[in-house]
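Take a look at the structure below.
The values are calculated or read from the model by the stated rules, or taken from the named source; none is laboratory data. In this text the structure is predicted, and so the values were computed from the model without any measurement. So basically every Cβ, Gly included, is an ideal-geometry build from the backbone, and we count neighbours across all protein chains shown.
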Amino acid sequence: MSISTASSPRFSTADLSPGAARACRLVTGFWLVMTTIQFVVWLLGCVIGMTFVAPFWLWSAVVGGALVAGLRWTVAFRRTRSAP
């Protein structure tokens, strides 16, 4: 059984314009950096305070991740729709 990846719905910036690819990478990188910083601050607060603090970083991780995924899906969908 052979699995073809030619028609795979995976997101790839290879077929995008340079501006769109750069924008997707920039938004994804910004989201990852901000979520990582919030996680580290939360972890330090828990360790230094010797108590559990509500994981406030989950709001950015989940909502921001959904927005980034939606952006990437939209760009990939527009790319496949405009292909001949």
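Which of the residues belonging to region 61-77 are surrounded by fewer than 11 Cβ atoms within 10 Å (Cβ to Cβ) and in contact with a Lys or Arg (Cβ under 9 Å, 6 or more places away or on another chain)? Hits for region 61-77: nothing passes.
In region 18-45, the residues that are surrounded by 14 or more Cβ atoms within 10 Å (Cβ to Cβ) form Cβ pairs under 7 Å with partners that are assigned to a helix (DSSP H, G or I) and hydroxyl-bearing (Ser, Thr, Tyr), at six or more places apart or across chains, as follows: Met34/Ser60; Thr35/Ser60; Gln38/Ser60.
Within region 53-84, if we keep just the residues that are of a type in the set (Val, Ile, Thr) and in a helix (DSSP H, G or I), the residue that is modelled with the lowest pLDDT turns out to be Thr80.
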